[in-house]
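Please treat every number below as a calculation from the coordinates, not as lab data. Values in this document were obtained by computation on a predicted structure and should not be read as measured data. We place every Cβ from the backbone using ideal geometry, glycine too, and count neighbours over all the protein chains shown.
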Amino acid sequence: MASRYSFRIMLRPEPEGGYTVIVPSLPGCITYGKTVDEAVSMAEDAIRAYLESMKKHGEEIVDDSMTLESVLNLEYA
């Protein structure tokens, strides 16, 4: 039976083009795509592989479904 999880991803534009994708709740889960759509697709593949490894090693899967998120903007001199 399949389970449903939610993971926050961060897409960072790279100077040479494309996007690096970071999955904050899965340490070391980082990938890249040339476009936003490709980066999101690559993130999905990376997350699936990461979860498969966690399952194989008997690790508990904790997702971002209960995570609260905010952005703090500040001025700093």
- line: Summing +1 per Lys or Arg and -1 per Asp or Glu among the other residues with Cβ less than 15 Å from Ser70's Cβ gives -1
query: Per residue of the chain, what 222 nm ellipticity follows from adding -39500 (n - 2.57) for every DSSP H run with n ≥ 4, rounded to the nearest 500?
result: -9500 deg cm²/dmol
- prompt: Among 3-12, 57-66, 29-38, how do they line up from the highest to the lowest mean number of other beta-carbon atoms within 10 Å?
  reply: 29-38, 3-12, 57-66
message: Normalised by the empirical 2.2 N^0.38 Å for globular proteins, what value does the Cα Rg of the chain take?
response: 1.28
